[in-house]
């Protein structure tokens, strides 16, 4: 074998070795790639499986925290009412000189039932706004009596609106600002119930009203007080007659006729508010739906509606529009201003043009809501009412729950 053949064989062997080495490297690379891909796929599968599990546990953890928070709030509120309830007790009211003066005023100065509104110093701006709104409606201010709960509200209201009547009932437990479902919030509704009992025992029919209501027209002109087919007539929740919440008491604006049945109605309401963590409208709904008497009726939606009307097609504007749904009492007037219902200038002057403009917008169905971001309180109420509509819509179960569900309203609203 010559040297040339040896060189050729050496070159061929070298080439074969290189090819074999390259093949081995490629195979190894493919195996490593497959191994890496498999590991990555396995890692993703693990996380895809874990994410729902993490979300599941996170949801129930958050839910548990909200339940604990709500439980603490409920206990605190009930304790507050029990600690301060004696300051607004029926016996204290009825045996006071101030109440005797009130009854004398009703006997001498009123030929029609009065309308009571409760007020502490932190609701003064809302009160001025309401009085500005109703100033142009004949006879409305003459029917109003404000229950002033501190000396600041008494003196400031007397200074700004000297002709507005007052029943001064200083209540230290209600001196500070408070929000929805808190202890003072419950206490003020206990006071309202006890004042109602005291008035009814004296044979005095009355209206109860709230300042966070816009009056497009005069509700007193509609003759509700003269209709003897009912003993009590309330504003109602829901959007229209097809709503599942129709005939649920809203509890902001209502008229009560004095008789034995309405006395028992408010006596029982007072007893429950003194011991239960429940909204007063929830108790009124339950009693209206399960008691034979008193005879409860409801304002047609065309006469009295809640803030929900603004989120409909805005047809058939009501006489009065109750605008509450804020869980933070301090933000109410600011929220009303976003919708064009703030009428008092910074210097305290009533702007009657703004009032008229708001009435015109209501009548034209042009209350702007889409450009305004809903407050946290409004979002919560919208969500809860949406859920309630579906609960009440449920066949068989819904009708059974309708009289009772509002009693646990505070408890179910765990985010409030």
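Which of the residues belonging to the range 274-299 are closer than 22 Å to residue 258 by Cα and part of a loop (DSSP other than H, G, I, E, B)?
Matches in the range 274-299: 291, 292, 293, 294, 295, 299.
Within the range 254-274, is even one residue buried (at least 22 other Cβ atoms within 10 Å of the Cβ), in contact (Cβ under 8 Å) with a residue 40 or more places away in the chain, within 21 Å of the chain's Cα centre (by Cα) and over 20 Å from residue 90 (Cα atoms)?
Among the residues of the range 254-274, at least one is buried (at least 22 other Cβ atoms within 10 Å of the Cβ), in contact (Cβ under 8 Å) with a residue 40 or more places away in the chain, within 21 Å of the chain's Cα centre (by Cα) and over 20 Å from residue 90 (Cα atoms), which makes the answer yes.
Please give the number of the condition residue 170 fails out of (1) in contact with a strand residue (DSSP E or B) (Cβ under 6 Å, 6 or more places away or on another chain); (2) closer than 22 Å to residue 128 by Cα.
Every listed condition holds for residue 170 apart from (1).
Among residues belonging to the range 356-381 that are surrounded by 15 or more Cβ atoms within 10 Å (Cβ to Cβ) and without any contact (Cβ under 8 Å) to a residue 24 or more places away in the chain, point out the one that is nearest to residue 280 (Cα to Cα).
Within the range 356-381, the match that is nearest to residue 280 (Cα to Cα) is 374.
Identify, please: which residue in the range 162-191 is part of a loop (DSSP other than H, G, I, E, B) and under 30 Å from residue 139 (Cα atoms) and is, among those, nearest to the chain's Cα centre (by Cα)?
Of everything passing the filter in the range 162-191, 171 is nearest to the chain's Cα centre (by Cα).
What are the pairs, 6+ residues apart or on separate chains, where a residue within the range 208-225 that is over 21 Å from residue 121 (Cβ atoms) has its Cβ under 9 Å from a residue that is at pLDDT below 95 and part of a helix (DSSP H, G or I)?
214/336
Just one of the numbered conditions (1) in a helix (DSSP H, G or I); (2) under 24 Å from residue 334 (Cα atoms); (3) within 21 Å of the chain's Cα centre (by Cα) is not true of residue 73; which one?
Residue 73 satisfies every listed condition except (2).
Does the range 294-302 include one or more residues that are in contact (Cβ under 8 Å) with a residue 12 or more places away in the chain, touching a helix residue (DSSP H, G or I) at 6+ places or on another chain (Cβ under 8 Å), farther than 20 Å from residue 316 by Cα and surrounded by 18 or more Cβ atoms within 10 Å (Cβ to Cβ)?
So far as the range 294-302 goes, yes, one or more of its residues are in contact (Cβ under 8 Å) with a residue 12 or more places away in the chain, touching a helix residue (DSSP H, G or I) at 6+ places or on another chain (Cβ under 8 Å), farther than 20 Å from residue 316 by Cα and surrounded by 18 or more Cβ atoms within 10 Å (Cβ to Cβ).
On the given criteria, is residue 137 part of a helix (DSSP H, G or I), farther than 30 Å from residue 272 by Cα and either touching a residue at least 24 places away in the same chain (Cβ under 8 Å) or touching a strand residue (DSSP E or B) at 6+ places or on another chain (Cβ under 8 Å) (or both)?
No.
Only residues that are loosely packed, with under 15 Cβ neighbours inside 10 Å and either free of Cβ contacts under 8 Å to residues at least 12 places away in the same chain or under 22 Å from residue 137 (Cα atoms) (or both): list them for the range 229-249, please.
242, the sole residue that qualifies.
The values are calculated or read from the model by the stated rules, or taken from the named source; none is laboratory data. Keep in mind that this is a model prediction, so the values were computed, not measured. Every residue, glycine as well, gets a Cβ built from its backbone with ideal geometry; the counts of neighbours run over all protein chains shown.
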